[in-house]
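The values are calculated or read from the model by the stated rules, or taken from the named source; none is laboratory data. Here the structure is a predicted model, which means the values were calculated and not measured. Virtual Cβ from ideal backbone geometry, glycine too; neighbours counted across all protein chains shown. What goes into the accessible areas is simple: the full protein's heavy atoms, side chains included, and nothing from ligands, DNA or RNA. Shrake-Rupley method; radii C 1.70, N 1.55, O 1.52, S 1.80 Å.
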Amino acid sequence: MTGQDRIVYKLHPYREALYNELHTRPFYELSAPHQISHLAATCEDPTDLAEAYQWLCELCRRYQINAPQPDTVAFHENFGEFVVHWERHAEFYSLTIMQPGLNPDNPFHYTAIDLLPEDWMRKLPGSVIAAFHLIVGQQDFDVSPPVLTRYFEGHPIISSLGFGDGSQIFTSFKLHGDGFSRFVVHNNSLNKAQAGQLVRRLIDLETYRLLTLMSLPIAKKIAPQLLIMDKQLAEILTVITNLDDTNSEKELLEKITRVEARLESYRAESNQRFAATKAYHQLVLDRLEGLQEGCVIGYPSLSEFINRRLNPAARTCEAVQIWMDDLSKRIERASDLMRTRANLKLQEHNRYHLEDMNRRSKLQFRLQETVEGLSIAAISYYAVGLLSYLFNGLPLKDWGLSKNVLTAACIPVVVISIWYLTRRIKRRLIKDHSED
């Protein structure tokens, strides 16, 4: 009986996935010399990620390699002449090509990505955001200033020690003639595991650095519009205190609504991007810390260069997001103020209407009482007339009675009876209405 068979308690459905999460994207051992090419492509449409997986399967079929499972997050496989490392992320995927060895005289002339089929490369899904070559040289690899100047096509070079003094990293953070950025790692004393960790951190650093900056153009586009909306809101708040008619309030409320609609469209466009920037920026800082940098005399360090340019960009995006949130709250308060004014005016208007209705009700009640009195007189008149006809048919003379006297005597009785019946009916109607 295995240990799994002896388990009698209930297991959480995410238990195995949570255990495997830490091993989803492991470090791989890397020997020197080595040349690496890396691509990261963003996928605006979720179907692009599925298409990227299918395109990876197509590459596996060409080289007769077992394709990964559809839910694969990271795929690492030896294709013979080169090794492919493919990863799927939330909004992008990455493709890393690794090949042992390099040409010490011109290591960037023929790179690892040149090993992939050209027709396959032309149809890669998504939009490539990161593209760079990385070479790892041995201790005898020449990294003298003239050679580095040639490698980086004359661009200013940035350098740091990695993992203490176990390696030295060179880059320019610039695009070169082939459209790729470049990194050179001079391996002084790193073993294969350490070299793999260093290369992985550099790949993550450059990829996340570019993804962090993706929201900067959005922030630069939105900021001037926020300034305009801020001024419009200030003008609206100034005008609110001087409003004197309903038309002006309606017009002002329409202006606030238009400003609010524009702001919400900007927030919908940028909120996800700004949240991603915050996460990617933290990943960049984590990767920089993981490099265990040391300074190289005569060169600016990677941390110094990245923090000098990346941190202000990330803070700009954060400031724009805070500005939008603040503006949204102020617009909401202005709208509440306008609605409060409208409600107060409506209540005042309703009060006048109620007073007017009350006056009309009193007048109607008096008129009703007058009509009621006339109705009693009219009904009494007709009732006495009917009694008079009745008396005409009776032998009053034989009984010693006078018709006129008898008719006159009936008038008070008829009037009082009709008045009593009218009052009784009126009270019954009022009672039934109150119960309803």
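Would you confirm whether any residue within the stretch 171-184 is assigned to a helix (DSSP H, G or I), under 18 Å from Thr111 (Cα atoms), open to solvent by less than 30 Å² (accessible area, probe 1.4 Å) and touching a residue at least 24 places away in the same chain (Cβ under 8 Å)?
The answer is no, given that none of the residues of the stretch 171-184 is assigned to a helix (DSSP H, G or I), under 18 Å from Thr111 (Cα atoms), open to solvent by less than 30 Å² (accessible area, probe 1.4 Å) and touching a residue at least 24 places away in the same chain (Cβ under 8 Å).
Any residue in the stretch 404-414 that is of a type in the set (Gly, Ala, Ser), out of contact with any His (no Cβ under 8 Å at 6 or more places or on another chain) and modelled with pLDDT of 75 or more? Let's see the steps before the verdict.
Start the filter on the stretch 404-414 by keeping residues that are of a type in the set (Gly, Ala, Ser), which leaves 408-409.
Add one more test, that the residue is out of contact with any His (no Cβ under 8 Å at 6 or more places or on another chain), and what stays is 408-409.
Among the residues that remain, those that are also modelled with pLDDT of 75 or more are: 408-409.
Yes: one or more hits.
Would the stretch 78-94 turn up any residue that is closer than 23 Å to Gln194 by Cβ, in a strand (DSSP E or B) and out of contact with any Leu (no Cβ under 9 Å at 6 or more places or on another chain)?
Within the stretch 78-94, one or more residues are closer than 23 Å to Gln194 by Cβ, in a strand (DSSP E or B) and out of contact with any Leu (no Cβ under 9 Å at 6 or more places or on another chain).
Tell me the helices (runs of 4 or more DSSP H) entirely within the stretch 187-290 that contain at least 1 residues that are buried (at least 18 other Cβ atoms within 10 Å of the Cβ) and hydroxyl-bearing (Ser, Thr, Tyr).
Where helices (runs of 4 or more DSSP H) fall fully within the stretch 187-290 and carry at least 1 residues being buried (at least 18 other Cβ atoms within 10 Å of the Cβ) and hydroxyl-bearing (Ser, Thr, Tyr), they are 192-212, 246-290.
Could you give every pair whose Cβ atoms fall below 9 Å, whose first residue belongs to the stretch 383-406 and is without any contact (Cβ under 8 Å) to a residue 40 or more places away in the chain and closer than 18 Å to Ser417 by Cβ, and whose second residue is exposed (fewer than 10 other Cβ atoms within 10 Å of the Cβ) and not aromatic (Phe, Trp, Tyr), counting only separations of at least 6 or pairs across chains?
If the second residue must be exposed (fewer than 10 other Cβ atoms within 10 Å of the Cβ) and not aromatic (Phe, Trp, Tyr), no pairs are left.
Looking only at the stretch 392-413, how many residues end up being open to solvent by 80 Å² or more (accessible area, probe 1.4 Å) and under 26 Å from Ile376 (Cβ atoms)?
Summing the residues that are open to solvent by 80 Å² or more (accessible area, probe 1.4 Å) and under 26 Å from Ile376 (Cβ atoms) in the stretch 392-413 gives 4.
Looking only at the stretch 296-339, count every residue that is in a helix (DSSP H, G or I) and either at positive phi or hydroxyl-bearing (Ser, Thr, Tyr) (or both) and tell me the total.
The number of residues fulfilling the criteria is 4.
Based on what the data block shows, is Glu332 open to solvent by 80 Å² or more (accessible area, probe 1.4 Å), under 19 Å from the mean Cα position of the chain (by Cα), under 21 Å from Val259 (Cβ atoms) and not hydrophobic (A, V, I, L, M, F, W, C)?
Here the answer is yes, as Glu332 does meet what is asked.
Answer yes or no: is there a residue in the stretch 337-355 that is closer than 30 Å to Ile425 by Cα, out of contact with any Ser or Thr (no Cβ under 6 Å at 6 or more places or on another chain) and not aromatic (Phe, Trp, Tyr).
The answer is yes, given that some residue of the stretch 337-355 is closer than 30 Å to Ile425 by Cα, out of contact with any Ser or Thr (no Cβ under 6 Å at 6 or more places or on another chain) and not aromatic (Phe, Trp, Tyr).
Looking only at the stretch 109-166, which residues are assigned to a helix (DSSP H, G or I) and of a type in the set (S, T, N, Q)?
Thr149 - this is the single residue of the stretch 109-166 that is assigned to a helix (DSSP H, G or I) and of a type in the set (S, T, N, Q).
With the checklist (1) charged (D, E, K, R); (2) touching a residue at least 40 places away in the same chain (Cβ under 8 Å); (3) out of contact with any strand residue (DSSP E or B) (no Cβ under 9 Å at 6 or more places or on another chain) in hand, flag the one item Glu91 doesn't pass.
Result: Glu91 passes all but (3).
Give me the residue from the stretch 60-75 that is over 16 Å from His23 (Cα atoms) and within 32 Å of the chain's Cα centre (by Cα) and, out of that set, most open to solvent (accessible area, probe 1.4 Å). Spell out the reasoning first.
Residues of the stretch 60-75 that are over 16 Å from His23 (Cα atoms), as a first pass: 60-70.
Those still in the list that are within 32 Å of the chain's Cα centre (by Cα) too: 69-70.
On the way: Gln69: 120, Pro70: 84 Å².
Only one residue fits best here, namely Gln69.
Taking the conditions exactly as written (open to solvent by 30 Å² or more (accessible area, probe 1.4 Å) and more than 28 Å from the chain's Cα centre (by Cα)), does Phe79 satisfy them or not?
So Phe79 fails the test.
Just name the residue that is most open to solvent (accessible area, probe 1.4 Å) out of those in the stretch 20-51 that are of a type in the set (Asp, Glu) and under 24 Å from the mean Cα position of the chain (by Cα). Full working, then the answer.
At the first step, the residues of the stretch 20-51 found to be of a type in the set (Asp, Glu) are 21, 29, 44-45, 48, 51.
Filter once more, so that each one left must be under 24 Å from the mean Cα position of the chain (by Cα): 44-45, 48.
Numbers: Glu44: 180, Asp45: 73, Asp48: 35 Å².
Selected residue: Glu44.
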